[in-house]
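Enquirer: Take a look at this one; I'll ask things after.
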Amino acid sequence: MKFPCVTTAAPSRRALACALALLLFPPLVHAGDGPDAGPQVTTLKRVVVAGVADPAEQERRNIPGAVTTVDGAALQQRSVSNLADALRYVPGLWVQSASGGDNGYISSRGSNLDATGYDNNGVKLFQDGLPVTAADGNNHNRFLDPLGARTIHVAHGANALSYGASTLGGAMDFISPTARDGDPMQLFLSTGSRGLFTTRLKLGGVGAMGDVDGLLMFEHQQQEGDRRHSRQRRSSLQANVGWQAGPGLDLRFFLTRINNAQQLPGALTRAQFEGDPWQANAAALSGNYQLNVTTTRVASKGQWRIDEARRLEFGLSLETQSLYHPIVDKVMVDFDGPGPLPPTEVFSLLINTRQSTLAGMLRYSMQVGDHDLLAGLNLAGTRNQGGNYRNDGGHRNGQSDAIDNRSRSAELFLLDRWAFAPGWTLVYGVQGVLTTRDVRTLKLATGELRNPKADYAAFNPRIGLIRTLPGGNQAYASLSRLFEAPTTFELQDDVRGGNATLDAMHGTVLELGLRGQTPRGAQAANWGWDVSAYAARIRDEILSVDDPLAPGTSLSTNVPRTRHAGLEAQLWASVPLGDGRGRIEPLLSATWNAFFFDGDPVYGSNRLPAAPRYALRGELLYRNVNGFFAGPTFDVVGKRFADFDNSYTAAGYALLGLRLGFSADRWEVFAEARNLANRRYVGMLNVRNHAGAGDAILQPGAPRSLTVGFRWLLD
């Protein structure tokens, strides 16, 4: 794909932007061929929309539960190289990067707390309201680029019903920037420890007639990673074109192309971690573990404002992902003992598949008197084809299995927000879910076909109450049903084998909360809070058990009863100093987790592993009206168990960092240092039934690091 640069008659800043594009992204950009090469580009103009009520904020105030918004512009004033960095201050989430790159782990309100956490189920990802998560609920192949989003909306747990999502952990919607909602011409550069370098260039604007706009975003990120054998190289192109097709009718078209190649260093034993946490697992080196994904996504979305009371949104997306994933080195067994025969390879694994997901959405909202109605439909179908191969140092060494997995999902939902009295809103609704799984694994050596397949259906009601207090502050309560069907990964790993199928997870959750802030004022302190407490009882939660025939590997099973409860709080303030030219701005994200088995015949009331008991993250910044800001950051994380036996503990830790920067009219610069004491701590861990000291299950968190960044508005 190529982008036509402006001609020499273009304004100087635009010409400089194209020169930078030619320098930084030569495979993607070419110069215009003459005065007619791109006339539409030379007539672009900058448009900033102001004074318009944010529909997402209005929607958040209609949800009787926790919804967190992350501002994409604020992410460009700090060190952000992966999703864990971007969601650092969102309470209730436990997101970790394996070694500084995109590969990582995500859990929300206790989702995904097992050994098969690599499929990252439990949270449904959307981009511009259209599903990115596969139809079976897995996020194995990729997360979204947080710096490519204008805003990230995080709906916790059952509050994802407003998106139609049916998961234990909720949903996230990454909203793309357009040429109409900010500065469409800008350059972002950052560099940091261990070879981190990020380049991001945005080019765009609005046509002279005002009815067409376009935006291109080029991005390249590379880093050597926190450990040996953890290098990452990622390049992407994101584009969107908008057309105001008629009165009240807006159409937008999206294109995304991502090439992401990561080395995986593997997990360590406790002795290895204590001796040298930055080493790679020996098998990861000899097996050349990698996670390489090429993604292509095309999408379209429309919004029709029928009148002041009615609105219709609709969209379609098609995403293909090509996965090349060496992940298990040769397992050698010497069947001959001291005899003359060499050891025999009994297992290794390289996954090479192509996954396609076709998805659509429809949302209709209507206001009738005191009723604010919302109806929606999400449809998705995913097919994952390819095979499992023997792994020879990161190269395919003969195919062992042929894979053809299919899944479909339909989520239909209806909500009414009834303002039945001044300051009181009753929220009630229902979701219907119908989803299918068809997993086909053919062993080529024997011709044996495993084909677990099942249909899952659920009817999930929800009722809540919102009390709007003076000043616009709110208190809320809700009672909802949770439901999540197994992923194809979990069905493949069913401990019973054969064509047996797992049951869907389901339960009930109660949530109470408060959100609001004090009145804003130039000379007055402003305080804000968003606090939520929830308690859920889950039936048939899908967790993992050790494979008795292959120690160190895990299979999936349903657990009769578990309990998930927690407290999530985000607190912030802006306090003027002296004459008001400077302000102190503290921010605190606090999470307390209580995830337990509930009278389990094996584990009793043990804690569920992987998630810490508590996590406190925050910062204390000084900001001056001239644009300077500086202050410390901190992370305080409680201990975690690594097994269902609660016999193996990963210690808690406390980290200290520092942020500073300066923002001018057309440019800004920042620097952020993390883990100033260079403390060693466990970042991610693998779960076992019973973990021993010799099990390789630990991955270290990031060491001391420094990142500096620069953003320049080009137009």
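Enquirer: May I ask you to verify whether Arg150 is more than 18 Å from Ala66 (Cβ to Cβ) and not acidic (Asp, Glu)?
Expert: In short, yes.
Enquirer: Which condition number does Leu714 fail, the rest of (1) in contact with a helix residue (DSSP H, G or I) (Cβ under 9 Å, 6 or more places away or on another chain); (2) under 30 Å from Gly205 (Cα atoms); (3) open to solvent by 20 Å² or more (accessible area, probe 1.4 Å) being met?
Expert: Of the numbered conditions (1) in contact with a helix residue (DSSP H, G or I) (Cβ under 9 Å, 6 or more places away or on another chain); (2) under 30 Å from Gly205 (Cα atoms); (3) open to solvent by 20 Å² or more (accessible area, probe 1.4 Å), the odd one out for Leu714 is (3).
Enquirer: Follow-up. Looking at Ala664, Ala594, Ala651, Ala610 in this structure, which one is touching a Gly at 6+ places or on another chain (Cβ under 9 Å), loosely packed, with under 15 Cβ neighbours inside 10 Å and over 25 Å from Thr69 (Cβ atoms)? Reasoning before the result, please.
Expert: Numbers: Ala594 fails: loosely packed, with under 15 Cβ neighbours inside 10 Å; Ala651 fails: touching a Gly at 6+ places or on another chain (Cβ under 9 Å); Ala610 fails: loosely packed, with under 15 Cβ neighbours inside 10 Å.
Matching residue, one of Ala664, Ala594, Ala651, Ala610: Ala664.
Enquirer: Here's another thing I want to ask about it. Collect the residues in the range 468-485 that are of a type in the set (S, T, N, Q), part of a strand (DSSP E or B) and under 30 Å from Pro519 (Cα atoms), keeping them in residue-number order.
Expert: Of everything in the range 468-485, those that are of a type in the set (S, T, N, Q), part of a strand (DSSP E or B) and under 30 Å from Pro519 (Cα atoms) turn out to be Thr468, Gln474, Ser478.
Enquirer: Taking Thr501 as the residue in question, decide whether it is open to solvent by less than 30 Å² (accessible area, probe 1.4 Å), more than 27 Å from Ala569 (Cα to Cα) and among the hydroxyl-bearing types (Ser, Thr, Tyr). Please lay out each step first, then the result.
Expert: On the way: open to solvent by less than 30 Å² (accessible area, probe 1.4 Å): no; more than 27 Å from Ala569 (Cα to Cα): yes; among the hydroxyl-bearing types (Ser, Thr, Tyr): yes.
So Thr501 does not fit the description; no.
Enquirer: Can you tell me which residues in the range 430-456 are of a type in the set (S, T, N, Q) and either touching a residue at least 40 places away in the same chain (Cβ under 8 Å) or closer than 28 Å to Glu411 by Cβ (or both)?
Expert: Kept after step one, since they are of a type in the set (S, T, N, Q), are these residues of the range 430-456: 431, 435-436, 441, 446, 451.
Within the range 430-456, Gln431, Thr435, Thr436, Thr441, Asn451 qualify.
Enquirer: Looking only at the range 210-254, how many residues end up being outside any strand (DSSP E or B) and either touching a residue at least 24 places away in the same chain (Cβ under 8 Å) or in contact with a His (Cβ under 7 Å, 6 or more places away or on another chain) (or both)? Working first, answer last.
Expert: Residues of the range 210-254 outside any strand (DSSP E or B): 210-211, 224-231, 247-248.
With either touching a residue at least 24 places away in the same chain (Cβ under 8 Å) or in contact with a His (Cβ under 7 Å, 6 or more places away or on another chain) (or both) added as a condition, the list becomes 210-211, 224-231, 248.
Summing the residues that are outside any strand (DSSP E or B) and either touching a residue at least 24 places away in the same chain (Cβ under 8 Å) or in contact with a His (Cβ under 7 Å, 6 or more places away or on another chain) (or both) in the range 210-254 gives 11.
Enquirer: Separate question: Restricting the search to the range 207-224, which residues are crowded, with 20+ Cβ neighbours inside 10 Å and within 21 Å of Phe188 (Cα to Cα)?
Expert: As a first pass, look at the range 207-224 and keep what is crowded, with 20+ Cβ neighbours inside 10 Å: 213-219, 221, 223.
The answer is Gly214, Leu215, Leu216, Met217, Phe218, Glu219, Gln221, Gln223.
Enquirer: Give me a count of the residues in the range 613-639 that are closer than 26 Å to Asp530 by Cα, in contact with a Ser or Thr (Cβ under 7 Å, 6 or more places away or on another chain) and open to solvent by less than 40 Å² (accessible area, probe 1.4 Å).
Expert: 4
Enquirer: If I ask for residues that are farther than 30 Å from Ala654 by Cα, surrounded by fewer than 17 Cβ atoms within 10 Å (Cβ to Cβ) and of a type outside the set (A, V, I, L, M, F, W, C), which ones from the range 542-591 would you list?
Expert: Result: Asp547, Pro548, Pro551, Gly552, Thr553, Pro560, Arg561, Gly578, Asp579, Gly580, Arg581.
Enquirer: Among the residues of the range 667-695, what is the count of those that are open to solvent by 70 Å² or more (accessible area, probe 1.4 Å) and out of contact with any Leu (no Cβ under 8 Å at 6 or more places or on another chain)?
Expert: Total satisfying the criteria: 3.
Enquirer: Could you tell me which of the residues Arg481, Arg462, Arg437 is within 23 Å of Gly92 (Cα to Cα), basic (Lys, Arg) and open to solvent by less than 40 Å² (accessible area, probe 1.4 Å)?
Expert: Just a single option satisfies the conditions, and that option is Arg462.
Enquirer: Something else: Could you check, for the range 226-247, whether at least one of its residues is under 24 Å from the mean Cα position of the chain (by Cα), hydrophobic (A, V, I, L, M, F, W, C) and open to solvent by less than 50 Å² (accessible area, probe 1.4 Å)? Lay out the reasoning, then the answer.
Expert: Filtering the range 226-247 for residues under 24 Å from the mean Cα position of the chain (by Cα) gives 226-227, 229-240.
Still in the running and hydrophobic (A, V, I, L, M, F, W, C): 237, 239.
Retained after the next criterion (residues that are open to solvent by less than 50 Å² (accessible area, probe 1.4 Å)): 237, 239.
Among the residues of the range 226-247, at least one is under 24 Å from the mean Cα position of the chain (by Cα), hydrophobic (A, V, I, L, M, F, W, C) and open to solvent by less than 50 Å² (accessible area, probe 1.4 Å), which makes the answer yes.
Enquirer: Also: How many residues are more than 22 Å from the chain's Cα centre (by Cα), small (Gly, Ala, Ser) and at pLDDT 95 or above when one looks only at the range 575-597?
Expert: Final tally of qualifying residues: 1.
The values are calculated or read from the model by the stated rules, or taken from the named source; none is laboratory data. Being a predicted model, the structure only gives us computed values, none of them experimental. Every residue, glycine among them, receives a Cβ derived from its backbone with ideal geometry; neighbour counts consider all protein chains shown. For the accessible areas, the whole protein counts, side chains as well, though only heavy atoms, and no ligand, DNA or RNA atoms are used. Shrake-Rupley method; radii C 1.70, N 1.55, O 1.52, S 1.80 Å.
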